[in-house]
Amino acid sequence: MHTPSEASARLPAARLSTYYFFYFTLFGTLLPFFGLYMQSLGFSAWQIGQVMAVLIGTKIVAPYIWGWLADQTGHMMRWVRVCIGFASLASIGLLWTQSFEGVLLVVALFSFFWHGGLPLFEAYTFSQLGSQKARYGKVRLWGSIGFIVAVLALGELFTRWELAGFPWVILGLFVALWLTSWTLKDHAQMPTDETDNQFWVIARSPIVWSLLAVSFLIQFSHGTYYNFFSIDLASYGYSKSLIAGLWALGVTAEIFVFFWMVHLFAHYRVRALILASLILTLIRWQMNIWGIESLSVMMLAQLLHAASFGLFHAAALHLIDSLFYGANRGRGQALYATASQGLGGALGALGAGLTWTLGGAMLSYMVSSLAVFIGLIIAWRWLRPVTL
């Protein structure tokens, strides 16, 4: 076993951070601008919701498949490279199709591989951190910086040159991500005969199911925000560069949370951090209903992204890694990704497309608020292990 000082020396922090940077630069391109790109192609709100549901919904299946392969072979980075390599190839399709069916097919292909890679990389990162899991935030914050770089630079680019270059940006970022994956060493960790039994015993425990339910609900609640926030702002006269600035503000707040995670974990229990994030998320969605016309209110609401994503995500990952360790790491992270960003994200996107069509922003954000409220009840009632 290595001491903290030895682990720090061995930690490839810069290379891990670079991977997160490019991975979330992709998110910083897709989330604010993909909806606007599809709108420019003439897609309806329901069609946009379907595409975004597929984009996120592949996380329902893909993470577990790739996580199982990684756990069985003991090679996480090998499968990360396979995933991102095929995602890069699939994304070429966006250069050739502009039809709803074509875009839907291309998104299904590249997202199946792309989303399979992140849980494996999260597991790889935690395996590198060892006992220093609280340092995750200082590595992961570079992903948030990448997101900001993307929304600011591309907001200006797309304002000047419209969205025709969107597919080329996606392809270029996938290639950069794939090349970065080759800078990290693949460390084999072979499973024991008891690995499968241990995994399912842990997965069936009440603490795991309550955490997965809350993760599903908070991710579901983000469906309206991720898919229609930019469109909603544009309808009120916000420019593309100002929309990009608001997205960047939210992620900047997230960076501060990641930076201070070591301090937060040292002074607060994980359960308290999760409850706080849920309460602040509920407030955020109400602000998006009633304050859309006010730039200052929207800026304040975006600052709450630090809670709704940053604080919750870091606390949930910290807990998942504590529960699923060793040769179960890959599938543990995959199970979290499947329940939250996969199932929650897909149904959240579909729900947002449907509710936005039926009742606009009011109905969509009220449904999001209801989901968070239910999650708050579950967390308060059942997320109660004595160590949290």
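The values are calculated or read from the model by the stated rules, or taken from the named source; none is laboratory data. Quantities reported herein were computed from a predicted structural model and do not represent experimental measurements. Neighbour counts run over all protein chains shown; Cβ positions are idealised from the backbone, glycine included. Protein only, heavy atoms only, side chains kept; ligands, DNA and RNA dropped before computing areas. Shrake-Rupley method; radii C 1.70, N 1.55, O 1.52, S 1.80 Å.
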Considering the chain as a Gaussian network with a 10 Å cut-off on Cα pairs, which listed residue, 211, 343, 280, attains the greatest mean-square fluctuation?
280
Checking 263, 75, 222 against a Gaussian network model of the chain (alpha-carbon springs below 10 Å), the top fluctuating residue turns out to be 263
Through the Karplus equation 6.51 cos²θ - 1.76 cosθ + 1.60, θ set to phi - 60°, convert the phi angles of segment 310-315 into ³J(HN,Hα) values in whole Hz; use x for Gly and Pro.
x, 5, 5, 4, 5, 5
Given a 1.4 Å probe and the protein chains all in place, what does the accessible area of residue 79 round to, in Å² to the nearest 10?
50 Å²
Once phi is turned into ³J(HN,Hα) by the Karplus curve 6.51 cos²θ - 1.76 cosθ + 1.60 with θ = phi - 60°, what whole-Hz value does each residue of segment 81-89 show in order, with x for glycine and proline?
5, 4, 4, 6, x, 5, 4, 4, 4
Starting from 0.36 nm per residue, how many nanometres of slack lie between residue 296 and residue 153 once their C-alpha separation is accounted for?
49.2 nm
What whole-number distance in Å separates the alpha-carbon centres of segment 242-273 and segment 5-74?
19 Å
Rg in Å to one decimal, and Dmax rounded to a whole Å, for segment 210-286 via C-alpha atoms
15.0, 44
So which trypsin sites (Lys or Arg not before Pro) in segment 4-92 pass both tests, a DSSP loop state and at most 10 other Cβ atoms within 10 Å of the Cβ?
none
I'd like the per residue volume of the convex hull spanned by the Cα atoms of segment 62-206, given in cubic angstrom.
151 Å³
When you count, for each residue, the other Cβ atoms within 10 Å and take the mean per peptide, how do 154-162, 364-372 rank with the highest first?
364-372, 154-162
Of all the accessible heavy-atom surface of segment 9-95, with the other protein chains kept in place and a 1.4 Å probe, what percent is carbon and sulfur?
67 percent
Can you pull the three principal axis extents for the Cα set of the chain, in Å, largest first?
57, 45, 34
Check: in the chain the Lys pairs 8 or more apart or on separate chains whose Cα atoms fall under 26 Å apart number 5
